[in-house]
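The values are calculated or read from the model by the stated rules, or taken from the named source; none is laboratory data. The model shown is predicted, which means the values in this text are computed figures rather than measured ones. Here the Cβ positions follow ideal geometry from the backbone for every residue, glycine too, while neighbour counts run over all protein chains shown. Note: areas computed on protein heavy atoms with side chains; ligands, DNA, RNA excluded. Shrake-Rupley method; radii C 1.70, N 1.55, O 1.52, S 1.80 Å.
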Amino acid sequence: MSDVPEGAAVPAQPAPATAVLPQPVAVPGPGRWDEQPRSPYRTMPEAERSALWRQRLHEAEAGLTRYLVSRGDGIHLTDWFALQSAIFADLPDEATAGAAEWQRVFFRGQALMERFLVGRYGEPALAEWARSNADVHREVEPDHGRGAADPIHRIARQAELYGSDYEFDDDVPPGADRAALTITHCAIWDYREQARRTGVRLTLASPCTYCTEATSSNIRAKGFRPEYRLRSGPTGHGCRWEASAPTDPDLDLDPRQEA
């Protein structure tokens, strides 16, 4: 997802940024599998939120390293080392820092990496970066034995970090071949519009440009077929995601569906 808070410490030109929104209000947490509420991560503990921000930063930075290695075109190493130094500058104390501090680090890193890629290779490089990140995601994202619901729950947890509104389809049993989730209000758009109103320059016209590539690649990396549909209506911008077992695992199916 492409989203950066206002005021992030980024060298040179202003970062594509968004302001940080308040944490969502907690609602009751999940019960048994067949009784879980439609948004079971509202009470995600602070430590788990922080850990997910750190994992996302790791996936992005390690994915960018893999992507640059794959190009083999003489990347200027001094520039790359300087970028890594800026990404990991002033890291919070893992033992005491809250999720908001790790969110700040992720946003700053995302902005720096986007600018680095687009400035050197153009916007199409973002999709290649997303696929490289997914290779890392395959290794570091745990499998929980829920089948297609595993990648769908990862989407829900990320949506929760931003305070988006979302709901799962009817409950599916563990190991199911299909699972789906609808984000009825994407709070990333709120971040971006607040940033736009304060004069922050945004790199991409829509956050969906990168987010759909990244999410689709992550679902594929876990062995499932992604499908998505972008939504816009009274509740704002949103999307619907499905993960299903492919009929032919060797096919790289296009996940886009017309709205």
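Nearest 20 debye, what's the magnitude of the dipole of the stretch 45-140 about its Cα centre given +1 on Lys and Arg Cβ and -1 on Asp and Glu Cβ?
Numbers: 11 positive and 15 negative charges, 47 e Å.
It works out to roughly 220 debye.
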Does a label point 7 Å from the Cα of Arg120, set along Cα-to-beta-carbon, have any residues of the stretch 202-228 with amide nitrogen under 14 Å, and which are they?
-> none
With the other protein chains left in place, how much accessible area per residue, in square angstrom, belongs to the stretch 45-140 at a 1.4 angstrom probe?
-> 45 Å²
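Using a 1.4 angstrom probe on heavy atoms only, work out the carbon and sulfur share of the accessible area of the stretch 147-247 in %.
On the way: 1940 of 3920 Å².
Heavy-atom surface of the stretch 147-247 belonging to carbon and sulfur, 1.4 Å probe: 49 percent.
Just reorder Thr247, Thr235, Thr65, Thr212 by solvent-accessible area, largest first, 1.4 Å probe, all chains present. Don't jump to the answer; show the numbers that get you there.
On the way: Thr247 140, Thr235 75, Thr65 50, Thr212 20 Å².
From most exposed to least exposed: Thr247, Thr235, Thr65, Thr212.
So how many Å³ per residue does the convex hull of the Cα atoms of the stretch 147-247 work out to?
Details: hull volume 10.0 nm³, N = 101.
Considering the Cα atoms of the stretch 147-247, their hull volume per residue is 99 Å³.
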Once you put a point 7 Å from the Cα of Val69 and another 7 Å from the Cα of Asp93, both along the Cβ direction, what distance in nm separates them?
-> 3.5 nm
Which Cα, out of Ile152, Gln103, Ala47, lies furthest along the positive dipole direction of the stretch 35-183 (beta carbon charges, K/R +1, D/E -1)?
-> Gln103
Which length gain, in nm to one decimal place, applies between Glu46 and Glu139 when the Cα-Cα distance is subtracted from 0.36 nm times their residue separation?
-> 31.1 nm
Length-normalised contact order of the stretch 45-140, Cα under 8 Å, at least 6 apart, in percent, tallies to 48 percent
